[in-house]
Amino acid sequence: MNFGRIITAMVTPFDENGHIDLQKLRDLVQHLIDTGSDAIVAGGTTGEAPTLSHEEKAALFKNTVDAAAGQVPVIAGTGTNSTYAACQLTQLAEQAGADAVMLTAPYYNKPNQEGMYQHFMAVADATSLPVMLYNVPGRTGVHLEAETTIRLAQDAENIVSIKDASGDLDHMNAVLTGAPEAFTLYSGDDSLTLPAYAIGASGIVSVASHVAGSAMKEMLDLFDEGHHREARNLHRQLVPLMDAMFCAPSPAPVKSALQMIGVSAGSVRLPITELTDLEEQVVAGVLANRILHSAV
């Protein structure tokens, strides 16, 4: 299933008391739509999901759906390392009107491939929504192998896509080669947007698109139009910004970047901390790149 080319893994805006700020959320959703996002993930890792209660996630899903107002699909981040809890969250997302859900590989308890297969199948069976898998070994400690992904895509009609943050183009290629034709793959690493797109990925689930969505859209447009050299040059100009969004634990850098361009998303929740002065300078430096002016 194709959700467009640029999916933004949205931050969760907080007010001065650390609560979800619904006005900031509405403003942020519209900003993302206006700057090239084809879909939005609410309540993913970039949205500080591990610090949100089930009640907060349900409210986040519903209010994001309301703010998007049908302009773009909303994908709810409902993955966790408890299969039962993931089923519950997924059903809450469905009730909130989400268009799809994204399920991370179970973290910390480190299941084997069969455990991950059964986990994802159980959650997919608990919903009628399309399911995007999320393979992110650096955060979960487990790697969803290509063979398991292909098996899931073949065995569950509503497992339709994967966000792959393995950083391994060979692995992505194996998934794309073996999965059903309608199954889509999105890079989970901003700096691999163009390389993954070139081998058949449908696009990117992005952090950098909060502040560079228009430029990223232009890069993919150039590639699609056959202007490969220009797309490559734009990619090279964007990589420093993409890297800077992870100069400190995410989402602190991108929340700081949003503040700098006048789109407030508030602070981060512990255990994530605010940027140091030096880290703020890094973010400010990449935002000065002229190629981003159309995006900000």
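Taken together, the residues in region 114-143 that are open to solvent by less than 30 Å² (accessible area, probe 1.4 Å) and farther than 19 Å from residue 87 by Cα amount to 2.
Each row is one residue, and each column tells you yes or no for (1) surrounded by fewer than 20 Cβ atoms within 10 Å (Cβ to Cβ); (2) basic (Lys, Arg); (3) more than 19 Å from residue 137 (Cα to Cα).
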{"residue": "197", "(1), (2), (3)": "no, no, yes"}
{"residue": "208", "(1), (2), (3)": "no, no, yes"}
{"residue": "226", "(1), (2), (3)": "yes, no, yes"}
{"residue": "237", "(1), (2), (3)": "yes, no, yes"}
{"residue": "240", "(1), (2), (3)": "yes, no, yes"}
{"residue": "248", "(1), (2), (3)": "no, no, no"}
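Would region 135-144 turn up any residue that is part of a loop (DSSP other than H, G, I, E, B), over 24 Å from residue 251 (Cβ atoms) and within 20 Å of the chain's Cα centre (by Cα)? There is no residue in region 135-144 that is part of a loop (DSSP other than H, G, I, E, B), over 24 Å from residue 251 (Cβ atoms) and within 20 Å of the chain's Cα centre (by Cα).
Residue under question is residue 33, and the condition is that it be of a type in the set (A, V, I, L, M) and surrounded by fewer than 24 Cβ atoms within 10 Å (Cβ to Cβ); does it hold? Against the criterion (of a type in the set (A, V, I, L, M) and surrounded by fewer than 24 Cβ atoms within 10 Å (Cβ to Cβ)), residue 33 qualifies. Condition check: within 18 Å of residue 44 (Cβ to Cβ), among the basic types (Lys, Arg) and touching a residue at least 60 places away in the same chain (Cβ under 8 Å). Does residue 217 satisfy that? Criteria not met by residue 217. Out of all the residues in region 147-160, is one or more closer than 26 Å to residue 193 by Cα, part of a strand (DSSP E or B) and either modelled with pLDDT of 95 or more or open to solvent by less than 30 Å² (accessible area, probe 1.4 Å) (or both)? For region 147-160, residues closer than 26 Å to residue 193 by Cα, part of a strand (DSSP E or B) and either modelled with pLDDT of 95 or more or open to solvent by less than 30 Å² (accessible area, probe 1.4 Å) (or both): present. The single condition among (1) out of contact with any helix residue (DSSP H, G or I) (no Cβ under 7 Å at 6 or more places or on another chain); (2) assigned to a loop (DSSP other than H, G, I, E, B) that residue 274 does not meet is (1). Selection of first residues in region 230-259 that are of a type in the set (Asp, Glu) and of second residues that are open to solvent by 10 Å² or more (accessible area, probe 1.4 Å), restricted to Cβ pairs under 7 Å at least 6 apart or on distinct chains, gives the following pairs, ordered by first then second residue: 230/222; 243/191.
Within the option set 201, 265, 212, being within 21 Å of residue 12 (Cβ to Cβ), hydrophobic (A, V, I, L, M, F, W, C), in a loop (DSSP other than H, G, I, E, B) and open to solvent by less than 10 Å² (accessible area, probe 1.4 Å) holds for one residue only, 265.
Taking the stated definitions as given, is residue 182 open to solvent by 50 Å² or more (accessible area, probe 1.4 Å), among the small types (Gly, Ala, Ser) and within 18 Å of residue 203 (Cα to Cα)? Judged against the criteria, residue 182 is a match.
Within the set of pairs 6 or more residues apart or between chains, which connect a residue that is more than 14 Å from residue 161 (Cβ to Cβ) and free of Cβ contacts under 8 Å to residues at least 24 places away in the same chain inside region 105-133 to a residue that is open to solvent by 50 Å² or more (accessible area, probe 1.4 Å) and outside any helix (DSSP H, G or I) with Cβ atoms less than 9 Å apart? Taking only residues 6 or more apart or on different chains, the pairs are 115/109.
A Cβ distance below 9 Å, combined with a sequence gap of six or more or placement on separate chains, defines the contacts here; from region 1-21, residues that are under 9 Å from residue 267 (Cα atoms) reach residues that are part of a strand (DSSP E or B) and at pLDDT 95 or above in the pairs 13/20; 14/20.
The values are calculated or read from the model by the stated rules, or taken from the named source; none is laboratory data. Computed from a prediction, not measured in an experiment: that's the story for all the values here. A quick note on method: Cβ atoms are made from the backbone with ideal geometry, for glycine too, and the neighbour counts reach across all protein chains shown. Heads up: the accessible areas ignore ligands, DNA and RNA and are worked out on the full protein's heavy atoms, side chains in. Shrake-Rupley method; radii C 1.70, N 1.55, O 1.52, S 1.80 Å.
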